[in-house]
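S.K.: Take this structure, written in C-alpha cells, and hold onto it; I'll ask about it next.
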Amino acid sequence: MMSSRMRKIISAIFMLIVLVSTSMLAAQDNTTRALVAGITTSGTLNTTSIAQVYTISASTGQSVSVTVTTNSGARLALMITDAAGTYIGQAVAAQANANAVLENVVIPTSGTYYLTVLDATGIPTSELAFEITFQAGSANATPASPGQLLTATGLQFILDWDTTANLDLEVRDPVGGSLYWETPTVTSGGKMSANANGVCNALSQSPSEEGSWPAGVVPTGSYEMIVYFQQQTDCPNRNPANLTLTVTLDSKQVAQIKATIQPDQVYLASVVINTDGTVVAGANGVKVDPPTVASIDLKAATALTQNTPVTGTITSKQPYQVYSFAANVGDVISAQVNADSGSLDTLLLLIDPNGNIVASNDDREQGVTNSAIQNFSAILGGTYNVVVTRYGQALGGTEGGYTLTLTGAVTTTAAGTQNAVAQVPTFADVPRGSVEVSLQWSTAADIQLLVRDPQGDSVYDGKPTIPSGGVEAARGNDSCVASTGSSPYSYIYWPEGRLPTAGSYEIEVLYQSNCNDTTPVQFVLTVVANNKVVLQKNELLNVDQRYVVSYNIGLDGQITAGDGGIFGTKQKPDAASLLNSVVTEMPSAPTLVNAQPATGSIRLNNKFDVYVFEGKAGQVATIGMERLNGTLDPVLFLIGPGGDQVTQNDDASAETTNSAINNFILPIDGKYTVIATHFGGQYGVTAGDYRLTLRLN
C-alpha cells in the first residue's frame, strides 16, 4: 500500500507537471512531437528543458500504453492529458533508472492527447537522456462477450435455393465449432442436416440444408454462414442459383438474406447473438478472391520487431490490423499468426512498399486454420506491411484474439518510407552489361523474360543470343526447376563497352506455368544502363498473362522508359489498352470491301488502324494481316456491333508472326470493327507496313 507521504510527493510532482505541460501546450511551438506506435522516441531533460511534451493521436475506446526508460540515474515521471490539461493517466518510476509505465489507458474521446515527461525529483542538474516506447490497441476491438443463452426451441440456420445445383452450407459457431456435411455435429450441440443435391444424387428443384442447435443452451457471439457453389462435371448445376439464408431463434425469424450465387463462388454472412437474446446481422456478400487491401488503411500500422510476438483481436468492428517493418533487397521474411481464442480463422497478407499483396496465406496446412508466410525473399527495399485479418475479411464472421510473430527480416522500420526505392539489382553469377534487363519474383512459377531489339530479334529462353549482342545469362525456374540459393530471376544483358543500337526495345514478361504454386506472382522488372536504373516496374501477373513495356535508346545515348501494361494472355491478346482511342476513330473509319486488300502502316505515333464492315449473323469471316516490311509483329482484333471483343489473333501459326482470323462465324447482324495493330497494343513498339484482307462468305 502507498504511504501518505508518498502520495503527497506524487501529488506535488504532478502539480508541477500540470503547470509545466499546460504552459508548453499553450505555446504550441516545436516542443511537441508526435509519437508513432511501435517506434522508440529519444529525448533529453536538462536545466533549460525541465519537461518534454509529445502528442498522441487516438480514438474513442482505444487503449494506449507508454513506457519511459532511462540510464541517466534519474527517476522519471509521466502523465497523459487532453487538450484542456485534464489528465487521464500518470506514473512515476519506483526508483532511479527504473521504468515509468502506463498500461492500457483507455481514451475517452477521439482527438490529440499529450504525454509529458520530467524528472520526478525536481529540476535536473545535468542532462538526462530517456527513451519512450508507445503502443496503441484497437478501438472497439472486443468480440461479443462469450456466454450462453437459454432457448425454448433452439437456433436454426436454413439455406434454401431454387435449382438442382449443389450448394453447401457451413455454419461456424462462436466457440470454434464448424457445422458442415463432412462435420455434421459440433461440441456446442449443433447438428447439420443431409447434404442436399450432393454428388448429383436425389436432385431437388427446391433443396434445403439446415444447421441447428436444439432447445436449451446455445453459445452467444458471432456466427458465420458460408455457402459454397460446388462445381461438379456430372451435375446440371452451371446456372446461377437464387438462395435464401434464414436465421431463426426461439421460433422467431431474426435475420433473412436473399442473394444470387454463381458457380464456384462463395457467399458469406454473419449474425451476432447477444446474451440478452437480441440479434445483430453482420455484413454479407460474395467472398472477394483473391484478397484485397483496397479498403485497408496501411498507414495506420504498428511497428513489428523481429522475434517479438504481438497480440491483437479481430472482430466484425475491426476485421483487420496492420503492422509494418523495414526490409532490404534479399531479406528473407517469415510471419506466423495463431488464433488464441474464439472462432477466429486467420488470414495473413504481406504487402510490399508499393502497396501490392506479394504473399498471402489462409491455412498454414491442411486442417489448421492458423496462417503462415514462409521464406519470402524481398525483391524491393522499403517498408512492408503485414495485415492480420480473417477468412472473408470484412464479410467474415469469425472473431477472436491472435498472436503474430515476425522472423527473418530487418527489424528497424523506416518511418515514412511507403514507396519502393529504385535500386540497381546485383547478381553474383552473371556478368555486368552496358544495358541489363532483370526480372525478379518470389514464387515457384516459371515466368519468361523476352527482349526484342530494334531489328526485330528477340532474346529469351528459346533463343539465348541475338546478333545485336543481347545474351540471356539467367533463367529463373525454367521448366519448373526451382532456382536454388536465392529467389528466381532472369537476366538479359548487352556486354559492357558500348550501348546497343539506338531504337526502341520491347520487353515481354509471360506467365508460362504456375509449377503447382498458386501464390500470386508479383514481379520486379528493372532496366539498368551504365549502373543507373532507367525503368523499374513492380506488377502483379496472373496465370497465362503477358506484360509488355518498352524503352528507347536515343541517338544521343539517352534511355527513356515507355508505358507498360497487361496485354491479355498467351491464348487471348486483349484490346483493352486501345479501346478508348478506337471508339473516337470508329465514325471516320474506312470500310473494308470483301476481297479487296487495304494497306496501312503501324508506327510509334500510330499504334493501330481501325476499319469497319457490315456483317450478317451466320456469315463466315476470314481476316488476314500480313507484314510487308520493318519489324512489325501484327495483331488483329474483331469488335462486335455491341462493342465487345468477339475474336482475335496474334500469330496465324507457329511459323509466322502474321495474323489471321480464320472462318469466324458472325454471331449477329451489324457493323463490325477490325483493329489492325502490333503485339502489345498500346504498349508495343514494332513498326512497319501491312496488308489487310477481308473475305466474307
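We did not get these values from a lab; they are worked out from the coordinates using the rules stated. All figures in this text were calculated on a predicted structure; none of them were measured in a lab. Ideal geometry is used to build each Cβ from the backbone, glycine not excepted, and the neighbour counts take in all protein chains shown.
S.K.: Working out 0.36 nm times the residue gap between ALA561 and VAL175, then minus their Cα-Cα distance, what length gain in nm do you get to one decimal?
M.R.: Length gained, ALA561 through VAL175: 133.4 nm.
S.K.: Can I ask one more? Cα-based Rg of the stretch 571-681 per 2.2 N^0.38 Å, rounded to two decimals?
M.R.: So the stretch 571-681 has a normalised radius of gyration of 0.99.
S.K.: Could you work out how far the C-alpha centroid of the stretch 433-467 sits from that of the stretch 330-360, in angstrom?
M.R.: The stretch 433-467 and the stretch 330-360 have Cα centres spaced 32 Å from each other.
S.K.: Between the alpha-carbon centers of the stretch 484-559 and the stretch 591-654, tell me the distance in whole angstrom.
M.R.: 29
S.K.: Something else about it: State, to one decimal in nm, how far the label point of ASP429 lies from the label point of ASN594, with both points 7 Å from Cα in the Cβ direction.
M.R.: 6.1
S.K.: Could I ask something else about it? Modelled label-to-label distance, ASP517 and ALA83, 7 Å Cα→beta-carbon offset: nm?
M.R.: 5.2
S.K.: For the chain, take the longest principal axis of its alpha carbons; what is the angle in degrees between that and the long axis of helix 576-585, to the nearest 10 within 0 to 90?
M.R.: For 576-585 against the chain, the angle is about 60 degrees.
S.K.: Additional query: What pairs from LYS299/LYS572; LYS572/LYS607; LYS572/LYS671; LYS191/LYS287; LYS287/LYS607 go past 29 Å between their alpha carbons?
M.R.: Violating the 29 Å limit, Cα to Cα: LYS299/LYS572; LYS287/LYS607.
S.K.: Using R₀ = 25 Å, calculate the FRET efficiency as 1/(1 + (r/R₀)^6) where r is the Cβ-Cβ separation of ARG33 and ASN375; round to 0.05.
M.R.: Once the sixth-power term is evaluated, E becomes 0.10.
S.K.: Here is a follow-up. Taking neighbour Cβ counts within 10 Å as the exposure measure, how do LEU78, LEU404 sort from fewest upward? Display every interim value, and only then the final one.
M.R.: On the way: LEU78 26, LEU404 22.
Ordered from fewest to most neighbouring Cβ atoms within 10 Å, LEU78, LEU404 come out as LEU404, LEU78.
S.K.: For a Förster distance of 56 Å, can you work out the FRET efficiency between the beta-carbons of ASN274 and SER483, rounded to the nearest 0.05?
M.R.: Step by step, r from the Cβ atoms, then E = 0.55.
S.K.: Right, something else. I need the calculated FRET efficiency for the pair ARG691 and LYS572, taking r as the beta carbon distance and R₀ as 22 Å, to the nearest 0.05.
M.R.: For ARG691 and LYS572, the calculated efficiency is 0.35.
S.K.: From the list (i) 27.2; (ii) 29.5; (iii) 30.2, can you say which value of Kirkwood radius over Cα pairs in Å was derived from the structure given?
M.R.: From the options (i) 27.2; (ii) 29.5; (iii) 30.2, the structure gives (iii).
S.K.: Right, next: Any idea what angle helix 4-27 forms with the longest principal axis of the chain, computed on alpha-carbon atoms, 0 to 90 degrees, nearest 10?
M.R.: Value to nearest ten degrees: 40.
S.K.: I've got another one for you. At 0.36 nm per residue, and after removing the present C-alpha to C-alpha distance, how many nm does the segment from THR584 to THR260 gain when stretched out fully?
M.R.: On the way: separation 324, 0.36 × 324 = 116.64 nm, distance 3.69 nm.
That pair, THR584 and THR260, stretches by 112.9 nm at full extension.
S.K.: Ranked highest first by average number of other Cβ atoms within 10 Å, how do 329-339, 558-568 line up?
M.R.: With the highest mean Cβ count within 10 Å placed first, the list reads 329-339, 558-568.
S.K.: Testing the spin-label approximation: label points 7 Å from Cα along Cα→Cβ at SER49 and GLU182. State their distance in nm.
M.R.: 6.1
S.K.: When Rg is the radius of gyration of the Cα atoms in the stretch 433-569 and Rh is its Kirkwood radius, what does Rg/Rh come to?
M.R.: That ratio equals 0.95.
S.K.: How much length is gained if the chain between ARG238 and SER72 is pulled fully straight, taking 0.36 nm per residue apart and subtracting their Cα-Cα distance, in nm to one decimal?
M.R.: 52.4 nm
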